[in-house]
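Here is the structure we will look at.
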Amino acid sequence: MRIQPFVLGPYGTACYIVYEYNGNECVIIDAPFPFSKALAFVASNGLEPKAVYLTHGHFDHIFGLGEIREAYQSIPVYVGKDDLYLFENGYQNTLKLLSVFDPMFLSRYAYPALNAMPNDITAYGKEAEPFTVINTPGHTKGSISLYSEREHVIFTGDTLFHQSVGRTDLDGDAADMMQSLSILKALPDNTDVFPGHGVITKIGTEKLSNPYMR
């Protein structure tokens, strides 16, 4: 597995291009705006995106979808089923979580319809081991994490950060967050954590230094 991280936009939102060592298929994990730098990497490396997987539906992780759709018209986009409501009525529900955000933003691009994330696994290439989809609500109702046991990698979105966790006051739930963290805490210590913001860390590191994981 190869992972190319990008930190994009005014909120320092992380996204990841995940692809195989041998092969040209890839998937995109999260879609902040502007997404042009990540799209340039995909094109310059001859990669073929097969899907976009959203860790959750907050605006800073999804507003690059318009650019992605312009470049790849038929690419499927997936999000946790309990976050699908955020994309109803032309994505207006996600805008309500940040009332000061420019409501005309979405009119600049044609945005794709979203699909519910599969409950079991989803792959990033023909020869690659699939990801396990772990439901990790708390930051939002439908937050998910993507885990590869073989590669010792998990993409946690805004559920788990280095020495911190995601906020729960934007339509989240603190009790759900603590339950999700207990699931992540049970993963092997050598699991690399690729979060939605901040630096890459490990489960073992967070168990030692993150007050929410003790």
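The values are calculated or read from the model by the stated rules, or taken from the named source; none is laboratory data. Source: prediction; values computed, not measured. Cβ coordinates were reconstructed from backbone atoms using ideal geometry, including for glycine residues, and neighbour counts include every protein chain displayed. Just the protein is used for accessible areas: all its heavy atoms, side chains included, with ligands, DNA and RNA removed. Shrake-Rupley method; radii C 1.70, N 1.55, O 1.52, S 1.80 Å.
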- Query: Looking at the range 1-116, what strands (runs of 3 or more DSSP E) fall wholly within it and have at least 2 residues that are open to solvent by 50 Å² or more (accessible area, probe 1.4 Å)?
  - Reply: 2-8, 48-53
- Item | Residue under evaluation GLU129, criteria (1) modelled with pLDDT of 95 or more; (2) open to solvent by 10 Å² or more (accessible area, probe 1.4 Å); (3) under 20 Å from PRO5 (Cα atoms), criterion not met | (1)
- Kindly list, by first and then second residue, each pair from a residue in the range 114-130 that is within 26 Å of GLY66 (Cα to Cα) and free of Cβ contacts under 8 Å to residues at least 60 places away in the same chain to a residue that is hydroxyl-bearing (Ser, Thr, Tyr) and surrounded by 13 or more Cβ atoms within 10 Å (Cβ to Cβ), limited to pairs with Cβ atoms under 6 Å and residues at least 6 apart or on different chains. ASN115/TYR78; ILE121/THR132
- Query: So how many residues does the range 175-204 have that are assigned to a helix (DSSP H, G or I) and either modelled with pLDDT under 95 or of a type outside the set (Val, Ile, Thr) (or both)?
  - Reply: 11
- Within the range 54-64, is there a residue that is farther than 18 Å from THR156 by Cα and over 17 Å from the mean Cα position of the chain (by Cα)? no
- Query: If PHE155 passes every condition in (1) closer than 20 Å to CYS15 by Cβ; (2) in a loop (DSSP other than H, G, I, E, B); (3) open to solvent by less than 60 Å² (accessible area, probe 1.4 Å) but one, which one does it miss?
  - Reply: (2)
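For the condition in contact with a His (Cβ under 8 Å, 6 or more places away or on another chain) and more than 26 Å from VAL52 (Cβ to Cβ), what is the one hit in THR205, THR191, THR201? Show your work before the answer.
Working: THR191 fails: more than 26 Å from VAL52 (Cβ to Cβ); THR201 fails: more than 26 Å from VAL52 (Cβ to Cβ).
Going through THR205, THR191, THR201 in turn, just one is in contact with a His (Cβ under 8 Å, 6 or more places away or on another chain) and more than 26 Å from VAL52 (Cβ to Cβ): THR205.
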- Residue that is modelled with pLDDT under 95, over 23 Å from TYR19 (Cα atoms), more than 18 Å from the chain's Cα centre (by Cα) and basic (Lys, Arg), where the choices are ARG150, ARG108: ARG108
- Query: Mind checking whether some residue in the range 90-102 is at pLDDT below 90 and aromatic (Phe, Trp, Tyr)?
  - Reply: yes
- Just give me the residues in the range 134-165 being under 16 Å from ALA116 (Cβ atoms) and aliphatic (A, V, I, L, M), in sequence order. ILE134, ILE144, LEU146
